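Chemist: This structure is in structure tokens; I'll ask about it shortly.
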Amino acid sequence: MSRPGRQQKDGGGITRRQLMAALGQLGIGSLLGACAAPSGNAAWRLPGAGTVVHRGDPDYETWRSAMPWQGWVAPRRPESIVRPADRTQLCEALQQARRQGQRVAIKSGGHSVSEAFLRDGGMLVDLHAFRGVDVDAGSATAAVEPSLWGRDLALHLTRAGLAFPVAHCATVPMGGYLLGGGVGINTDQWGIGCHAVTGAEVMLADGTLVDAGSAGHEDLLWAVRGAGTGFFGVITRYRLRCAPLPRDIRENVFVFPAARAAEVVEWLEALVEQGMPDTEVMLLLANSPGPSAGAPPVTLCIARVVFFCASENASRERLAQVLAGPMASQALFKETMKAATIDSLMIGSVDAARGLGFGRSHVNTIWTARTAEAATAAAAQVSLAPSPKSHAVISLRKHTALRDDACFSALDRGFVGCYGVWDKASDDAANIAWSEASREALQPYASGNYINELDAFRRPDLLERAFSAQAFARLQALRKRYDPQGLFHDFPGLS
Ligand SMILES: Cc1cc2nc3c(=O)[nH]c(=O)nc-3n(C[C@H](O)[C@H](O)[C@H](O)COP(=O)(O)OP(=O)(O)OC[C@H]3O[C@@H](n4cnc5c(N)ncnc54)[C@H](O)[C@@H]3O)c2cc1C
């Protein structure tokens, strides 16, 4: 039996020609012709390049543990793992699940912090093969398949003089990222990723392929824009509106002791509020080795301010704005006006020495208007982290407008998250306990939670904090309309 290629170990994805052939065959809005109904038993296999692995097959555990992006693998076991090679095989897989009375979970890149795609029982459909991209420079649009890495999209767009708010880490693909919102690079200017989704091709529970946003399916596009792990179909392609590529990207770094995190947040919040429309402001709270052997680690607050400007002069004007006032000069260390590219901003997330293995991870994040207080709580948590790699991230924004045409409905000026990162299975319990304690430490400051970084298996009660009450109710009503038999799993914690 074949071995699973993890998303991150494979290179380019399908060629433009292959994608265009597939698009030509299908066409957005067309109905997929009835695919052959497969017979129903545990020996069911897909023909050709598609793969099916059943629980009990010798390679099952190898496949299951290759599904998440990280080394920690949730102890949940689907009956079968199916990797369709194309839309016809995807349709066959859904038909097979229906015949068998199995529920279906979908995976694009496997980055879900709770590994929401791993459920007990049922079928896991892995969209690994869906990685096409087609950029149209003239209309500043792109069509992307769900397992395409953010970095791969950014590289294609850069060549066309375009940009998109892809995730900050190179390997985060478009599938779950956009479905749950998409708080990526320069989002205060370019917007939340799902707000730039202009259409989507979705395979519904009955195997039909529909164009979300087309007449009669406006509600489906609303749900595509933010439903996250509560979506009730398979997104096989997004259409995106892109931004012009900024001519001058500059990275600026200011390092302070973590004890000053609240002051640093207040300083940068005031700047963001004043108006720095082409600037991204993030802070990292991380432990640095102590000054001498045996000395305890020092927790630092690293402010990273990136300008996405039209010219070097414009970047210098932004820098003057940042340097005005006392805080910048009090930094322990600073580096300013470092020339950057979208790729250089992302590539730090890929460690050449370690390959693409990121170790083990668990995450808790909040939206907040009380960012300075939450930053102090996060700094205290980081100083207690059992792993030196664990850290906290804070991002600040001015624009918090939500849209009626998007289900994404929890957002605030501050985003604060504690990110547990460790290497050994023997350290799982201590690090997950730290991550859970971090969630409890941050939650009092939360105005909401981010569906893409919420472990609802552990706290299903927080699901309703990830949406407005109206959006949550509308989503559940749409689920009944589009998936009346309940083929697709509901949110973790709800099914
Ligand atoms: C290293 C790392 C960096 C990150 N950086 C950012 C960041 O900068 N900004 C940000 O906003 N988020 C970030 N995230 C969070 C990320 O957005 C989510 O984990 C997101 O779910 C990842 O997408 P995925 O395709 O890997 O999802 P998966 O883990 O594959 O799937 C998660 C869930 O999404 C649904 N789903 C996924 N694909 C489809 C599909 N095609 N059709 C229907 N349902 C689908 C399913 O319910 C599935 O259970 C990061 C995560 C990691 C691990």
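The values are calculated or read from the model by the stated rules, or taken from the named source; none is laboratory data. Here the structure is a predicted model, which means the values were calculated and not measured. Cβ placement follows ideal geometry from the backbone for every residue including glycine, while neighbour counts extend to all protein chains displayed.
Chemist: Output the number of the condition that Ala200 fails; it satisfies all remaining conditions of (1) more than 23 Å from Gly448 (Cα to Cα); (2) surrounded by fewer than 24 Cβ atoms within 10 Å (Cβ to Cβ).
Modeler: (2)
Chemist: Continuing with the same structure: Any chance segment 220-236 includes a residue that's away from the ligand (no atom under 13 Å from the Cβ), farther than 19 Å from Ala473 by Cβ and aliphatic (A, V, I, L, M)?
Modeler: For segment 220-236, residues away from the ligand (no atom under 13 Å from the Cβ), farther than 19 Å from Ala473 by Cβ and aliphatic (A, V, I, L, M): absent.
Chemist: Using the structure shown, decide if Glu312 is out of contact with any Asp or Glu (no Cβ under 8 Å at 6 or more places or on another chain), under 28 Å from Lys398 (Cα atoms) and loosely packed, with under 15 Cβ neighbours inside 10 Å.
Modeler: In short, no.
Rundown of residues vs (1) under 30 Å from Gln381 (Cα atoms); (2) part of a helix (DSSP H, G or I), yes/no style:
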| site | (1), (2) |
| --- | --- |
| Trp222 | no, yes |
| Tyr238 | no, no |
| Ala295 | yes, no |
| Val306 | yes, no |
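Chemist: Within segment 241-277, take every residue that is of a type in the set (A, V, I, L, M, F, W, C) and out of contact with any Leu (no Cβ under 8 Å at 6 or more places or on another chain) and give me the one that is surrounded by the most Cβ atoms within 10 Å (Cβ to Cβ).
Modeler: My answer is Phe254.
Residues checked against (1) of a type outside the set (A, V, I, L, M); (2) in contact with a Pro (Cβ under 6 Å, 6 or more places away or on another chain):
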{"residue": "Arg83", "(1), (2)": "yes, no"}
{"residue": "Ala93", "(1), (2)": "no, yes"}
{"residue": "Gly110", "(1), (2)": "yes, yes"}
{"residue": "Gly121", "(1), (2)": "yes, no"}
{"residue": "Arg131", "(1), (2)": "yes, no"}
{"residue": "Asp134", "(1), (2)": "yes, no"}
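Chemist: Testing Lys424 on (1) modelled with pLDDT under 95; (2) touching an Asp or Glu at 6+ places or on another chain (Cβ under 6 Å); (3) charged (D, E, K, R), one condition comes back false. Which one is that?
Modeler: Failed condition: (2).
Chemist: Right, another one. Of everything in segment 442-452 that's surrounded by 19 or more Cβ atoms within 10 Å (Cβ to Cβ) and in a helix (DSSP H, G or I), which residue is nearest to the ligand (Cβ to nearest atom)?
Modeler: Here the residue is Asn452.
Chemist: List every residue pair whose Cβ atoms sit under 8 Å apart, with the two residues 6 or more apart in sequence or on different chains, where the first one lies in segment 102-131 and is in the same structural domain as Trp44 (by TED's automatic domain parsing) and on the phi > 0 side of the Ramachandran plot and the second, anywhere, is part of a strand (DSSP E or B) and within 8 Å of the ligand (Cβ to nearest atom).
Modeler: That search, which allows pairs on different chains as well, returns Gly122/Ala105.
Chemist: Another one. Test of understanding: among Asp428, Asp461, Asp455, which residue is part of a loop (DSSP other than H, G, I, E, B) and assigned by TED's automatic domain parsing to the domain that holds Val272?
Modeler: None of the other options fit; the residue is Asp455.
Chemist: Still on this structure: Would you please name the residue that is farthest from the chain's Cα centre (by Cα), looking only at residues in segment 206-220 that are at pLDDT 95 or above and buried (at least 21 other Cβ atoms within 10 Å of the Cβ)?
Modeler: Result: Gly207.
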